[in-house]
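Q: One structure follows; several queries about it will come next.
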Amino acid sequence: WLITEIRNEHSIDLTKDKMAMQRLKDAAEKAKIDLSGLTSVQILLPFLSMSHGQPLNVDKTLTRTHFENLTKDLLNRTIKPLEDALKEAKIETSELNQVLLVGGSTRMPAVQAMVEKITGRKPNLSINPDEVVALGAAVQAGVLSGSV
């Protein structure tokens, strides 16, 4: 989205500019994280590159609604694996005690809403989604070793 916006507004292709691409990637990641708690973010990238002999400064606003529209295809691709996991485990959603989310992107409100819609349960947000796999592995190791 950001690269397309810049290309359309400034007639410049930044895809071969490694430094600009890294700054764009970092800004996009920060915007994604910030949009988990905010409804809009401002993306400011002063002196991103040179365009027609002038410094290229980027100042864009991204709303959560627009971000969710940009990512809805990716989100929709996660529905079938979730449904397949429940089916393979032979578990009805009514049998779930709680739902834990794994990975940083699960902080996105759209992900949480989709999981709640499918499972009928609000996800448990009290556990850090970046650490939950390690915690589960530690518990499993304890079970396998007989110490838990």
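Q: Which value at 222 nm does the chain reach when only helices count, each DSSP H run of 4 or more adding -39,500 (n - 2.57), with the total divided by all residues and rounded to the nearest 500 deg cm²/dmol? Before the final figure, lay out the partial values.
A: On the way: 6 runs with 74 residues, N = 148.
Estimated from H runs of four or more residues: -15500 deg cm²/dmol.
Q: Next up: Compute the longest continuous run of the chain that contains no exposed trypsin sites (Lys or Arg not before Pro); treat a site as exposed when its DSSP state is not H, G, I, E or B and it has at most 15 other Cβ atoms within 10 Å. Write out the running numbers ahead of the final one.
A: Numbers: sites that count: K16, R77, K90, R121.
The longest such stretch corresponds to 17-76.
Q: Okay, next question. Take the residue pairs K18/K72; K32/K117; K32/K87; K25/K60; K30/K80; K32/K72 and return only those whose Cα atoms are more than 25 Å apart.
A: On the way: K18/K72 28 Å; K32/K117 22 Å; K32/K87 31 Å; K25/K60 14 Å; K30/K80 28 Å; K32/K72 14 Å.
With Cα atoms farther than 25 Å apart: K18/K72; K32/K87; K30/K80.
Q: Something else about it: Mind putting a number on the dipole of region 92-131 about its Cα centre? Charges go on the C-beta only, +1 for Lys and Arg and -1 for Asp and Glu, and I need it in Debye to the nearest 20.
A: On the way: 4 positive and 5 negative charges, 36 e Å.
Computed about the Cα centre, the dipole is about 180 debye.
Q: Next question. Which of the chymotrypsin sites (Phe, Trp or Tyr not before Pro) across region 1-106 are loop residues per DSSP, with 15 or fewer other Cβ within 10 Å?
A: Values: sites: W1, F47, F67; in loops: W1.
In loop regions of region 1-106 (DSSP not H, G, I, E or B), the sparsely surrounded chymotrypsin sites (Phe, Trp or Tyr not before Pro) are W1.
Q: Using modelled backbone amide H atoms (1.01 Å from N, in-plane), which distant-in-sequence or interchain residues come within less than 5 Å of S49's amide H?
A: Residues meeting the criterion, in which the H sits 1.01 Å from N, are L56.
Q: What FRET efficiency comes out for the pair A113/A137, r = Cβ-Cβ distance, R0 = 25 Å, nearest 0.05?
A: Numbers: r = 28 Å, r/R0 = 1.12.
Once rounded, the FRET efficiency stands at 0.35.
Q: Which one, [x] 35, 20, 14; [y] 40, 18, 13; [z] 32, 16, 12, gives semi-axes √(5λ) of the Cα gyration tensor in Å as derived from the coordinates shown?
A: Identified label for the calculated read-out: [y].
Q: Mind checking which of E131, E116, E95 has the largest fluctuation in a GNM of the chain, springs on alpha carbons under 10 Å?
A: Result for the chain, Cα springs under 10 Å: E95 fluctuates most.
Q: Convert 37 °C to kelvin, take the viscosity as 0.692 mPa s, use the Kirkwood radius over C-alpha pairs of region 2-68 as Rh, and evaluate the Stokes-Einstein diffusion coefficient in µm²/s, rounded to a whole number. Don't skip to the end; give the middle numbers.
A: Working: Rh = 12.4 Å.
Estimated via Stokes-Einstein, D reaches 265 µm²/s.
Q: Could you line up M21, M50 from fewest to most neighbouring Cβ atoms inside 10 Å?
A: Values: M21 15, M50 12.
With the fewest neighbours first, M21, M50 line up as M50, M21.
Any read-out appearing in this document is the output of simple, stated calculations on the displayed coordinates, not a laboratory observation. Not measured: the values here are computed from a predicted model. All Cβ positions, glycine included, derive from the backbone under ideal geometry; neighbour counts span all protein chains shown.
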